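The values are calculated or read from the model by the stated rules, or taken from the named source; none is laboratory data. Every value quoted in this text rests on a predicted model; they were computed, and no experiment measured them. In this analysis, Cβ positions are derived from the backbone assuming ideal geometry, glycine residues included, and neighbour counts consider all displayed protein chains. These accessible areas exclude ligands, DNA and RNA; they are computed on the full protein's heavy atoms, side chains included. Shrake-Rupley method; radii C 1.70, N 1.55, O 1.52, S 1.80 Å.
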Amino acid sequence: MSRFAYVNGRFVRHAVASVHIEDRGYQFADGVYEVIALAGGHFVDLDLHLVRLDRSLGELRIGRPMSDRALTMVLANLAKRNGIRDGSVYLQITRGVAPRDFPFPPDAVPQLVATARRARPVDPKALTDGVKAITIPDLRWARCDIKSVALLPAAMGKQAAREAGAYEAWQYDRDGFVTEGTSSNAWIVTRDGELVTRPPTHAILNGITRLVVIEIAKQAGLRFVERAFTVEEAHAAREAFVTSTTSFVMPITQIDDATIGNGKPGSFALQLREKYQGHMAEIAGRRT
Ligand code: PDD
């Protein structure tokens, strides 16, 4: 964990960093967050994260604690103080502190906290063999496009995955269509070589890695389509993988009891992972 955290205008020792008990994030999950990767001391696709943050705040009518420029400086300073060049920063903005009451407090001051953590080494076996996913009903609310801190269904889903020896849980809607992972976007490659991921409606978070991987796939000339796919289709897919800020592109070779493709990471997933890492390496090598 980080040695320093940022809490409302101050860098404080992580061990003693705290917020007020009547912070609405604590009582109502009334807040939003972002996780932004750091590569070689540079933020990865920071501009896209800031646009999504702005959108999440706007949808919930939470005020902005500071400008993008000031926020960027805070996050860069936090990473530097913690000596982290490769890893990620977490930032959370809540509506503010007020006596517990459901409507939005009229004069609440948004609260900003941030932490930084070093990149965890990726298990090489996960990349050579792929990882497992399970499928679970999607128990979340109807605005999953907002990156809200209300993550209890995600925590429950990830716990179910862990107990099943799986890396991720893919959630499916009432019609049996996969929405996304608990903390990642879900992708398949069909038997006839079509790369598929769900369109960015209110049913999923529009992942930044997802957006970048779509661009990479298009540039690589892969056949790409945005549409919903069922759990059955996923079981029968040639390939499957997830994308996220922390997993990049992670091949999935088992979904529930079904072996995906030949049980080894597929060529689309490996190619997209390599190209995405190239994108990160390019950012890491920037001078400013
Ligand atoms: N999770 N879908 C959900 C529900 C997520 O929580 C995330 C990110 C993604 C992928 O988004 P991105 O590519 O922007 O990281 C999709 C972050 C990493 C987390 O909660 O830790």
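The table that follows gives values for the structure above.
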read-out: Test: residue in region 104-111 that is in a helix (DSSP H, G or I) and of a type in the set (A, V, I, L, M, F, W, C); value: no
read-out: Flag for R223 being within 16 Å of the ligand (Cβ to nearest atom), over 28 Å from P124 (Cβ atoms), touching a strand residue (DSSP E or B) at 6+ places or on another chain (Cβ under 7 Å) and not assigned by TED's automatic domain parsing to the domain that holds Y90; value: no
read-out: Residue within region 74-91 that is within 22 Å of the chain's Cα centre (by Cα) and either over 19 Å from R117 (Cβ atoms) or assigned by TED's automatic domain parsing to the domain that holds Q277 (or both) present; value: no
read-out: Region 225-255, residues that are closer than 12 Å to L195 by Cα and either of a type in the set (K, R) or open to solvent by 50 Å² or more (accessible area, probe 1.4 Å) (or both); value: E226, R227, R238
read-out: Residue satisfying all of: in region 146-171; assigned to a strand (DSSP E or B) and open to solvent by less than 10 Å² (accessible area, probe 1.4 Å); nearest to the ligand (Cβ to nearest atom) among these; value: Q171
read-out: Scope region 85-96; condition over 17 Å from L50 (Cα atoms) and open to solvent by 10 Å² or more (accessible area, probe 1.4 Å); matching residues; value: R85, D86, G87, R95
read-out: Answer residue from region 176-193, given it is assigned to a loop (DSSP other than H, G, I, E, B) and either touching a residue at least 12 places away in the same chain (Cβ under 8 Å) or among the hydroxyl-bearing types (S, T, Y) (or both) and is farthest from F268 (Cα to Cα) among those; value: G176
read-out: Selected residue (criterion: most open to solvent (accessible area, probe 1.4 Å)) from residues of region 28-52 that are charged (D, E, K, R) and either over 15 Å from L205 (Cβ atoms) or part of a strand (DSSP E or B) (or both); value: D47
read-out: Filter result (among the hydrophobic types (A, V, I, L, M, F, W, C), farther than 21 Å from G25 by Cα and part of a helix (DSSP H, G or I)) within region 53-84; value: A70, M73, A76, L78, A79
read-out: For T197: the one exception among (1) more than 16 Å from the chain's Cα centre (by Cα); (2) within 14 Å of the ligand (Cβ to nearest atom); (3) more than 16 Å from S247 (Cα to Cα); value: (1)
read-out: Residues of region 256-277 satisfying the condition of being open to solvent by less than 40 Å² (accessible area, probe 1.4 Å) and basic (K, R); value: R273
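So that you can scan it fast, the table gives a plain yes or no per residue for (1) open to solvent by less than 20 Å² (accessible area, probe 1.4 Å); (2) within 14 Å of the ligand (Cβ to nearest atom); (3) of a type in the set (S, T, N, Q):
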{"position": "E22", "(1), (2), (3)": "no, no, no"}
{"position": "R55", "(1), (2), (3)": "no, yes, no"}
{"position": "T72", "(1), (2), (3)": "no, no, yes"}
{"position": "N82", "(1), (2), (3)": "yes, no, yes"}
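Residues checked against (1) open to solvent by 60 Å² or more (accessible area, probe 1.4 Å); (2) of a type in the set (S, T, N, Q):
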{"position": "D173", "(1), (2)": "no, no"}
{"position": "F177", "(1), (2)": "yes, no"}
{"position": "S183", "(1), (2)": "yes, yes"}
{"position": "V189", "(1), (2)": "no, no"}
{"position": "L195", "(1), (2)": "no, no"}
{"position": "A203", "(1), (2)": "no, no"}
{"position": "V212", "(1), (2)": "no, no"}
{"position": "E215", "(1), (2)": "yes, no"}
